[in-house]
Amino acid sequence: MISFQRYQRWQKWLKEIPALNDSMNGIIARSFILTKGNLEEVEFVTGASKQDIFRVYEWLSEKKLIDGLISIEKEDGDKGGIEHMAVVAKGKKKKERTFTREEMVDYAKKKLLEANRGISFVSLKHNVLTCEYEGRTFKVYISSSRDYESFRKGLDYEPYRVSAWNKGSQEMFSSCDYYALLVKVDKNTKYITEFEDNIEGMFVNQEQFNKWLSQKVAVPSGMINFYVHYSQSKDEGRNSITVIDDREEPALSLNHLYQKGWSII
């Protein structure tokens, strides 16, 4: 599609959906046009959350504005674009949240108690757990994700891998003393978790987190995305866990943070 045709399409979308005048909504919508709706490319270009991307997609679908992109895509023989977005969006509606906040908080408490004898929990407000330990008070932000590995198809799917997508703003990831990045492991995985609750995760303090953040590439939206992948070998299970942040290129090794455990330092 030539640039003028893209411009015409964009102007039509603006008339049909005034909400696209919002900066981030507009960036997402224009990225649909440029990438033909390829989910990973739209997320990469915009840095937007999947929730925001799906919202804009649904607006376009309701107005039947997405149909033109589908026909163009078919002519180009591109099978990785907007049709894939439609499948994922459909799956999103069917696959509701696979975990509750309570079970993620309970997991964090269990791991903290296991590693820090005498720790007590003062309060929980939203996703922030306030704790007391050895005479001092500190806050733990609990970031939760579903396991996205099941969304992969064919050779991209790894049954011994867990794919978390933890995300938040710069403000969110600079407001607490510690951060627990958790993921509810898919029920069909072959990945072995420590407990029967099928939750995996890692625990970092603000200094460690800042060093991690310094190695990441900033995105225009200001959102911070972590594609935390936990992998095991087929025969060794929990004796062979490797952890990376696959959001960056090359991927960042997180083995040292994972192996540190949940001790308060």
For this session: Pick out the one residue from N239, N205, N188, N198 that is closer than 23 Å to H126 by Cα and surrounded by fewer than 20 Cβ atoms within 10 Å (Cβ to Cβ).
Result: N205
For this session: Answer yes or no: is there a residue in region 233-247 that is part of a helix (DSSP H, G or I), farther than 27 Å from F138 by Cα and not polar (S, T, N, Q).
Result: yes
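Of S144, S174, which residue is surrounded by 18 or more Cβ atoms within 10 Å (Cβ to Cβ), touching a residue at least 12 places away in the same chain (Cβ under 8 Å) and either more than 19 Å from Q51 (Cα to Cα) or touching a Leu at 6+ places or on another chain (Cβ under 7 Å) (or both)?
On the way: S174 fails: surrounded by 18 or more Cβ atoms within 10 Å (Cβ to Cβ).
Only one candidate passes the filter, namely S144.
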Exercise. Is it the case that region 147-159 has a residue that's surrounded by 19 or more Cβ atoms within 10 Å (Cβ to Cβ) and closer than 20 Å to V105 by Cβ?
Worked result: yes
Exercise. Based on what the data block shows, is M202 under 15 Å from the mean Cα position of the chain (by Cα) and either among the charged types (D, E, K, R) or at pLDDT 95 or above (or both)?
Worked result: yes
For this session: With the condition kept exactly as written, say whether any residue in region 215-233 is closer than 16 Å to G168 by Cα, touching a residue at least 12 places away in the same chain (Cβ under 8 Å) and of a type in the set (F, W, Y).
Result: yes
For this session: Scan region 112-139 for residues that are surrounded by 14 or more Cβ atoms within 10 Å (Cβ to Cβ), assigned to a strand (DSSP E or B) and more than 19 Å from the chain's Cα centre (by Cα) and report the count.
Result: 8
For this session: Determine which single condition A19 fails, assuming it passes every other condition in (1) of a type in the set (G, A, S); (2) crowded, with 18+ Cβ neighbours inside 10 Å; (3) in contact (Cβ under 8 Å) with a residue 24 or more places away in the chain.
Result: (2)
For this session: Just need a number here: residues in region 11-26 that are hydrophobic (A, V, I, L, M, F, W, C) and farther than 14 Å from L60 by Cβ.
Result: 1
For this session: Kindly state which strands (runs of 3 or more DSSP E) lie completely within region 142-205 and contain at least 3 residues that are assigned by TED's automatic domain parsing to the domain that holds H229 and touching an Asp or Glu at 6+ places or on another chain (Cβ under 6 Å).
Result: 161-169
For this session: Say whether the condition of being buried (at least 17 other Cβ atoms within 10 Å of the Cβ), within 19 Å of the chain's Cα centre (by Cα) and within 19 Å of F151 (Cα to Cα) is met by at least one residue in region 27-38.
Result: yes
Seminar exercise, completed: Listed by first then second residue, the pairs whose first member lies in region 103-125 and is in the same structural domain as F203 (by TED's automatic domain parsing) and over 9 Å from W262 (Cβ atoms), whose partner is of a type in the set (D, E, K, R) and in a strand (DSSP E or B), with beta carbons under 7 Å and at least 6 positions apart or on separate chains, are S120/E132; V122/E132
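The values are calculated or read from the model by the stated rules, or taken from the named source; none is laboratory data. The structure presented is a predicted model; accordingly, all values stated were derived computationally and were not measured. FYI the Cβ positions are ideal-geometry reconstructions off the backbone, even for glycines, and counts take in every protein chain you see.
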